[in-house]
Amino acid sequence: MDPHLLKKLNVERNARRAALLLTDLGDGRDRLLAPGDEVAGALGEAIERSFRSGKSMSVEVDGRSYFLNVHLPPARLVIIGAVHISQALVPMARIAGFDLKVIDPRTAFATPERFDGVELLAEWPEDVLAQSPLDSFTALAAVTHDPKIDDYALQAALEAGCFYVGALGSRKTHAKRVERLRERGLSEEDIGRIASPIGLDIGAANPEEIAVAVLAQIIAALRQRPMVSA
Amino acid sequence: MDIVDETRDPLMIAERWMGEGREVAIATVVETWGSAPRPTGSHLVIDGDGNFHGSVSGGCVEGAVVSEAAEIIREGEPRMLEFGVADETAWQVGLSCGGRIRVYVERLG
């Protein structure tokens with residue numbers, strides 16, 4: 001392996017960018033590719049498949065053997081709102097393997113006592129997301145009910161191409177939210193991507209059950225997502 | 001903040017070793033058949049003294065890969081290794097789970 005490529009690959013991984021190391025198993029030469037890089041023919045198709053599925057694979061093309069090692073960032077879940085549902089969602093999502101972050105500017109809610117051992121930010125989403133932007137490997141669930149806190153985060157998530165965007169609230173609440181997001185200049189297509197009412201329809205009746213419904217919906221979005229783009 | 005765990009991630013460790021002037025080999029699972037313990041793309045990294053991090057199986061064949069790596073570091077030519085349950089003697093350097101894997105081992109640099 002080329003030492004420079006190893007360094008570059010590690011930089012990409014640490015920056016949460018998708019990358020693929022292509023190795024010619026015949027002569028040992030390797031190349032580092034990003035999603036969308038042009039590679040012709042059957043090899044290019046295999047590379048696209050690998051990026052989409054997140055699966056590394058060996059392929060034979062024109063009598064040559066290649067190994068495609070794809071590195072996708074671990075899925076992250078950003079929760080807007082340090083509320084009761086979040087207290088149930090955090091431990092479940094952690095077990096499912098998500099990187100977690102909880103944001104709520106209301107210091108009465110965002111206390112370490114309520115959220116032990118998770119990255120908890122008692123700040124406005126505007127400030128946090130300016131420091132660490134969202135990306136297509138991130139899910140965002142907005143559960144505060146408060147437009148002042150949720151709306152900006154929802155807009156940022158849609159603009160960043162988050163693989164899942166969910167918002168808590170009744171149909172009536174969501175209708176008003178749709179109006180506000182339109183005024184913010186979001187397209188109907190973007191607004192239509194918001195999962196609301198949030199969570200799979202399993203008749204969830206309390207915060208813990210709603211957390212199950214939300215996590216299941218996020219996993220469905222993660223595993224059934226279309227081709228990723230950086 | 002770094003996303004990748006520097007203390008456990010094989011490719012981060014390989015980069016650090018390289019920076020310290022150590023010789024390094026990288027082993028990668030490139031193909032699996034049947035029930036294989038580690039998925040395609042998994043890495044084991046080995047230095048010139050036989051220190052290693054990561055895994056290409058559940059601990060069944062790492063020893064064999066580490067000893068091959070010493071020669072690969074010396075000679076510089078990559079090798080393709082194959083492990084499976086071929087016969088009764090395979091227990092020593094085989095996969096007890098009944099799967100079969102191909103492992104590509106190359107020198108870094």
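Structure values in brief
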read-out: Meets criteria (among the basic types (Lys, Arg), at pLDDT 95 or above and open to solvent by 30 Å² or more (accessible area, probe 1.4 Å)) for B:ARG38; value: no
read-out: Among (1) at pLDDT below 95; (2) within 14 Å of chain B (Cβ to nearest Cβ); (3) surrounded by fewer than 21 Cβ atoms within 10 Å (Cβ to Cβ), the one test that A:PRO73 misses; value: (3)
read-out: Residue tally, condition under 17 Å from the mean Cα position of the chain (by Cα) and open to solvent by less than 70 Å² (accessible area, probe 1.4 Å), over region A:119-149; value: 14
read-out: Sole residue being assigned to a strand (DSSP E or B), away from chain B (no Cβ under 14 Å) and either in contact with a strand residue (DSSP E or B) (Cβ under 9 Å, 6 or more places away or on another chain) or open to solvent by less than 20 Å² (accessible area, probe 1.4 Å) (or both), chosen from A:ILE79, A:ILE85; value: A:ILE79
read-out: Which listed residue is in contact (Cβ under 8 Å) with a residue 40 or more places away in the chain, crowded, with 20+ Cβ neighbours inside 10 Å and under 20 Å from A:ALA160 (Cα atoms), from A:ALA19, A:ALA34; value: A:ALA19
read-out: Breaking point among (1) open to solvent by less than 30 Å² (accessible area, probe 1.4 Å); (2) out of contact with any strand residue (DSSP E or B) (no Cβ under 9 Å at 6 or more places or on another chain); (3) not assigned by TED's automatic domain parsing to the domain that holds A:GLU126, for A:GLU48; value: (1)
read-out: Of all residues in region A:169-219 being touching a residue at least 60 places away in the same chain (Cβ under 8 Å) and in contact with a strand residue (DSSP E or B) (Cβ under 7 Å, 6 or more places away or on another chain), the one that is surrounded by the fewest Cβ atoms within 10 Å (Cβ to Cβ); value: A:ILE218
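The values are calculated or read from the model by the stated rules, or taken from the named source; none is laboratory data. Since we're looking at a predicted model, the values are computed, not measured. Every residue, glycine as well, gets a Cβ built from its backbone with ideal geometry; the counts of neighbours run over all protein chains shown. Remember, those area values only see protein heavy atoms, side chains included, never the ligands or the DNA or RNA. Shrake-Rupley method; radii C 1.70, N 1.55, O 1.52, S 1.80 Å.
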